[in-house]
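The values are calculated or read from the model by the stated rules, or taken from the named source; none is laboratory data. What you see is a predicted model; the values in this text were computed from it and never measured. Glycine also receives a Cβ, built like all others from the backbone with ideal geometry; neighbour counts cover every protein chain displayed. Ligands, DNA and RNA are excluded from the accessible area calculation, which covers all protein heavy atoms including side chains. Shrake-Rupley method; radii C 1.70, N 1.55, O 1.52, S 1.80 Å.
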Amino acid sequence: MLGNPQKREAIEIKNRICKIAASFTRQVVLGSLQVGVLDSVYSSFLLFATAPRNPALSTALQRPQPRRRLHERPTDHEDRYHSSKRHGKETEGIRDRHSKMAKEFKTEDIEAVLLDIEGTVCPISFVRDVLFPYALAALPKYLEEHWDDEDFKPYRDAFPEGHRENKDVLEAYVRELTAKDVKVACLKQLQGLLWRTGYSSGEIAAPIYPDVLPSIKRWISAGKKVYIYSSGSVAAQKLLFQHTDSEEMKDMTPLFSGYYDTVNAGMKQEAASYVKIAKAEEEAGLGDEGKWLFCSDMVREVEAAKAAGMNAVVVIRPGNSPLTEEDRAAHQVVYTFADLLN
């Protein structure tokens with residue numbers, strides 16, 4: 001039998017190895033590999049390395065551990081264990097990470113919630129795997145039919161000189177910008193125009209995370225206003241929320257008090273953009289930046305909002321890019337809106 005010190009040492013060694021393996025794997029996959037797989041590999045390796053010297057320790061290390069996908073948060077037990085080790089003594093542990101972070105600011109202090117879209121209220125895959133390809137597929141025919149239309153002229157002329165001389169040149173430039181995911185106004189405006197047909201025909205419906213609608217309704221019932229801020233154009237934002245896959249409320253636009261993009265607010269990684277949004281709504285009766293809560297999956301955007309004086313959280317959703325340990329330590333995180341502003 002292992003004594004308590006030996007048992008704890010064995011578990012700690014194993015957890016460290018699994019943590020290293022998980023951290024390395026996060027760089028090459030987005031949550032598809034289960035920790036249990038790496039657990040077995042590294043446990044076997046450690047068993048081989050230590051068995052000649054400490055058979056009891058090796059036996060303890062073979063005990064199976066619960067599987068967890070890399071994007072999932074630690075269990076309550078794991079949080080308590082690692083917390084007690086960090087502080088050098090046995091404690092009751094810390095609260096589960098997402099509940100703790102969601103309660104960092106007081107509900108009554110928040111008057112407005114500002115939401116990102118991609119990776120926050122709907123999956124990143126919808127934008128990259130559905131919307132972007134749809135726009136590129138529809139582009140050649142649209143340019144052929146509408147190149148000389150007066151209604152299309154503002155969209156065409158928004159592109160820089162040298163990239164709008166003819167249909168082929170513009171199409172090539174749009175494909176280049178899309179491939180690089182460049183967030184410029186001229187591209188976003190054109191994409192919104194192309195998506196309009198897909199939404200109207202029913203070919204496209206935006207998949208909204210199930211916690212989003214009930215949470216927004218709860219915030220509004222509590223007297224808070226909800227706004228959208230995305231690099232996609234305001235027109236594209238409205239199209240997305242007018243055509244969701246929600247059975248309860250397919251058109252969610254009545255819920256929002258306003259929309260902001262890179263044209264009417266500025267780039268999302270700049271603090272001045274968040275100051276501009278708060279000032280614009282302050283004239284409508286809202287408080288200053290400290291009364292706002294911004295939610296996004298992008299750390300740089302959260303940093304910009306904080307620099308402007310807003311409260312901000314990083315939203316973790318399946319398929320989002322993993323956070324570094326430094327980012328997790330520096331920012332509040334939330335896994336579901338259901339635990340936010342209760």
Going through (1) surrounded by fewer than 17 Cβ atoms within 10 Å (Cβ to Cβ); (2) in contact (Cβ under 8 Å) with a residue 12 or more places away in the chain; (3) within 18 Å of the chain's Cα centre (by Cα) one by one, residue 329 fails only at (2)
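Evaluate the stretch 221-244: report whether one residue or more is of a type outside the set (A, V, I, L, M) and touching a Gly at 6+ places or on another chain (Cβ under 6 Å). Step through it out loud before you land on a result.
If we filter the stretch 221-244 for residues that are of a type outside the set (A, V, I, L, M), which is where we start, we get 221, 223-225, 227, 229-233, 237-238, 241-244.
Still in the running and touching a Gly at 6+ places or on another chain (Cβ under 6 Å): 227, 233.
Yes, there is a match, as at least one residue in the stretch 221-244 is of a type outside the set (A, V, I, L, M) and touching a Gly at 6+ places or on another chain (Cβ under 6 Å).
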For the stretch 278-307 the number of residues that are in contact with a helix residue (DSSP H, G or I) (Cβ under 7 Å, 6 or more places away or on another chain), open to solvent by less than 20 Å² (accessible area, probe 1.4 Å) and under 22 Å from residue 323 (Cα atoms) is 5
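Quick grid of which residues meet (1) in contact with a strand residue (DSSP E or B) (Cβ under 7 Å, 6 or more places away or on another chain); (2) within 23 Å of residue 119 (Cβ to Cβ):
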position	(1), (2)
166	no, no
172	no, no
184	no, yes
190	no, yes
194	no, yes
197	no, no
207	yes, yes
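Go through the stretch 184-217 and give me each residue that's of a type in the set (Lys, Arg) and touching a residue at least 60 places away in the same chain (Cβ under 8 Å). Give the derivation first.
Here is the first cut: in the stretch 184-217, the ones of a type in the set (Lys, Arg) are 188, 196, 217.
Correct list: 188 only.
Give 237, 242 a once-over and let me know the one that is open to solvent by less than 30 Å² (accessible area, probe 1.4 Å), of a type in the set (S, T, N, Q) and in contact (Cβ under 8 Å) with a residue 12 or more places away in the chain.
Working: 242 fails: open to solvent by less than 30 Å² (accessible area, probe 1.4 Å).
None of the others qualify; the one that does is 237.
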Here the residues within the stretch 247-277 that are open to solvent by less than 20 Å² (accessible area, probe 1.4 Å) and without any contact (Cβ under 8 Å) to a residue 24 or more places away in the chain are 266
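Residue-by-condition table, conditions (1) in contact (Cβ under 8 Å) with a residue 60 or more places away in the chain; (2) exposed (fewer than 14 other Cβ atoms within 10 Å of the Cβ); (3) in contact with a Lys or Arg (Cβ under 6 Å, 6 or more places away or on another chain):
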{"residue": "126", "(1), (2), (3)": "yes, no, no"}
{"residue": "147", "(1), (2), (3)": "no, yes, yes"}
{"residue": "154", "(1), (2), (3)": "no, yes, no"}
{"residue": "162", "(1), (2), (3)": "no, yes, no"}
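How many of the residues making up the stretch 179-192 are within 15 Å of residue 155 (Cα to Cα) and not in a loop (DSSP other than H, G, I, E, B)?
Counting residues in the stretch 179-192 that are within 15 Å of residue 155 (Cα to Cα) and not in a loop (DSSP other than H, G, I, E, B) gives 8.
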Within the stretch 298-342, the count of residues that are at positive phi and of a type in the set (Phe, Trp, Tyr) comes to 0
task: Answer with yes or no whether residue 176 is without any contact (Cβ under 8 Å) to a residue 60 or more places away in the chain, outside any helix (DSSP H, G or I) and either in contact with a Lys or Arg (Cβ under 7 Å, 6 or more places away or on another chain) or over 30 Å from residue 342 (Cβ atoms) (or both).
output: no
Of the listed residues (114, 139, 143), the one being at pLDDT 95 or above and part of a strand (DSSP E or B) is 114
Note on the stretch 200-233: residues at pLDDT 95 or above and part of a helix (DSSP H, G or I) are 212, 213, 214, 215, 216, 217, 218, 219, 220, 221
Taking the stretch 196-212 and the residues there that are hydrophobic (A, V, I, L, M, F, W, C) and open to solvent by less than 10 Å² (accessible area, probe 1.4 Å), the one that is nearest to residue 121 (Cα to Cα) would be 212
